[in-house]
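Shown next, in structure tokens, is the structure this report addresses.
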Amino acid sequence: MQRSILEYLEESGRQFPDKVLFADDKSEITYEEFIRQSRFLGAFLLERKKGAAGSPAAIFIDRSIGSLTGFFGVVYSGDFYVPIDRQMPAARIELILNTLNPAVILGEEKDRRILLQTGMEDRLFIMSEILSEESSFALCKEQEERLLKVRREALDTDPLYAIFTSGSTGVPKGVLVSHRSVIDLIDNFKEEFSFTEDCIFGNQAPFDFDVSVKDIYSTIKNGASMYVIPKVMFSFPAKLITFMNEKKINTIIWAVSAFRIIENLNAFTGELPKYLQTAMFSGEVMHNKVLNYWRKYLPQIRYVNLYGPTEITCNCTFYKVERAFSDDEALPIGISFLNSGVFLLDKDRLVTEAGEAGEICIKGSSLALGYYNNPEKTAESFCQNPLNDAYPERIYRTGDIGKFNDDGELLFLSRKDDQIKHMGHRIELGEIEAAANSLEFVAAAVCIYDKAAGRIHMFYQADAPCDKEVLRALGKKLPKYMFPNKLRHFEKLPLNKNNKIDRTYLRENYLTKDA
């Protein structure tokens, strides 16, 4: 019985000790070296451990092997890791750290200035300093015994990581995911997509975005290799494709936005990725205009559409693209993975007829444990299955509306509420509104998403137009991918008969005009 993702790593390490596991733009590391460094870090943390097992450890990340070593070192210590992008606004980082209250924070000396605002600077451990000592020391008997004790006491329901997503109240939510859920997902990926040790993954997704979970754990499960693609290359697709060919990358699991960059810039008129065999995408709706561009130039490779929110551990359905689609057709999100129960509800009624819309709901071991330190939101989103009153059975209601076609394939239709997918990120418009409404020079603000144009519109009320000031202030509160794309000033926002800001009027009168 498998209880920990560390079993993936160690089994692959036994088979391929000298094989490159991870590589970034500066260095590479073998399985044997990575396991040794991760265990050393785990032993270091165990010696200084203050809290109980299963506590959060925050890690300031970049696109490096060091960040990945931090993840696995924390897991060896019996805790769970929480990636934090140091490029986020300090106010957002502070909200996350206040929610976590971590005993351990891994980072570099430059991160201390951020922590000074939180009063947590004494919890910072400098990763580079710790790992610089690794080659000089062998673990002693007592350290080995501590590591062994953690493994003996491990449960598959123990938390592995938490990823923070947008929150409608302005406070980010930490989705807490167990080992069991990741094991469930990655075993499905190997079974459905025939991943082997010959896979060479090209990682695009940031490590605080759950798309990267599939890269990392598919790599260690299969004894494969993963190259961390420098972010700047997605601004220069010609260099990106050259990089993919140099590294012989044959498998990519990217956000849809990354595929769109290639299509928008017509990058395939030059060099083609000649080793690519499998291209998988998720994060938002893949439009067939983009997919057909890829299929035109790379018709021989396998394309897979993946669907699922962070709360169900990345993906619960998949669709292998095996026929032609016109640009205006909807691409199915497919069928459920084994051990994931996917069904539609109309309020509390089961939807079974093809073509009838309902909310996409999921049950099974893929469900996250909940939101860390947020029992109210957990109870709201992870609820009892209304179709079962005989015993406890948790489901997650996604807020996505879908329908089944005549072939039993699931189609995504829309969002139930104001949670959107934009630039590959899941965003709640309420969080942007909360940030804007906290500005003293803004009397009121609402956000509406123009799906057709792919734009976030912000309508705000102020004494005078102040677009630049609004964006400058939001830059201190929100990551750039949450910035509104279009701002419109009002001396007084329109109200409906209930004296609420009239979103319907704004949508009907301004979105098409501005798009």
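The values are calculated or read from the model by the stated rules, or taken from the named source; none is laboratory data. Computed from a prediction, not measured in an experiment: that's the story for all the values here. Backbone-built Cβ (ideal geometry, glycine too); neighbour counts: all protein chains shown. Surface areas here come from the heavy atoms of the whole protein model, side chains and all, with no ligands, DNA or RNA. Shrake-Rupley method; radii C 1.70, N 1.55, O 1.52, S 1.80 Å.
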Search result, residues across the stretch 147-188 that are open to solvent by 50 Å² or more (accessible area, probe 1.4 Å) and closer than 30 Å to residue 320 by Cα:
180, 187
So which residues in the stretch 290-315 are of a type in the set (Lys, Arg) and either open to solvent by less than 10 Å² (accessible area, probe 1.4 Å) or outside any helix (DSSP H, G or I) (or both)?
302
Does residue 35 fit the bill of being within 25 Å of the chain's Cα centre (by Cα) and open to solvent by less than 10 Å² (accessible area, probe 1.4 Å)?
no
Conditions (1) over 29 Å from residue 375 (Cα atoms); (2) open to solvent by 20 Å² or more (accessible area, probe 1.4 Å); (3) assigned to a helix (DSSP H, G or I); (4) hydrophobic (A, V, I, L, M, F, W, C); number of the one not met by residue 91:
(1)
Restricted to the stretch 341-386, and to residues that are assigned to a strand (DSSP E or B), in contact (Cβ under 8 Å) with a residue 60 or more places away in the chain and small (Gly, Ala, Ser), which residue is least open to solvent (accessible area, probe 1.4 Å)?
370
Any residue that is among the aliphatic types (A, V, I, L, M), assigned to a loop (DSSP other than H, G, I, E, B), open to solvent by 30 Å² or more (accessible area, probe 1.4 Å) and touching a residue at least 12 places away in the same chain (Cβ under 8 Å) - is there at least one of those in the stretch 102-112?
yes
Which members of the stretch 71-92 meet the condition of being within 18 Å of the chain's Cα centre (by Cα), modelled with pLDDT of 95 or more and closer than 24 Å to residue 230 by Cα?
71, 72, 81, 82, 83, 84
Quick one: how many residues across the stretch 123-135 are closer than 17 Å to residue 93 by Cβ and of a type outside the set (A, V, I, L, M, F, W, C)?
1
Give the number of residues within the stretch 1-32 that are aromatic (Phe, Trp, Tyr), open to solvent by 30 Å² or more (accessible area, probe 1.4 Å) and closer than 16 Å to residue 68 by Cβ.
0
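Yes/no matrix, rows are residues, columns are (1) touching a residue at least 12 places away in the same chain (Cβ under 8 Å); (2) within 20 Å of residue 25 (Cα to Cα):
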site: 191; (1), (2): yes, no
site: 208; (1), (2): yes, yes
site: 220; (1), (2): yes, yes
site: 225; (1), (2): yes, yes
site: 228; (1), (2): yes, yes
site: 249; (1), (2): yes, yes
site: 256; (1), (2): yes, no
site: 264; (1), (2): no, no
site: 271; (1), (2): yes, no
Would you point out the residue of the stretch 231-288, among those that are buried (at least 18 other Cβ atoms within 10 Å of the Cβ), farther than 28 Å from residue 87 by Cα and among the small types (Gly, Ala, Ser), that is modelled with the lowest pLDDT?
267
Hits in the stretch 189-206 - residues which are open to solvent by 10 Å² or more (accessible area, probe 1.4 Å) and on the phi < 0 side of the Ramachandran plot:
190, 191, 192, 196, 197, 198, 199, 200, 204, 206
Out of the residues in the stretch 113-145 that are open to solvent by 60 Å² or more (accessible area, probe 1.4 Å) and among the aliphatic types (A, V, I, L, M), which is farthest from the chain's Cα centre (by Cα)?
138
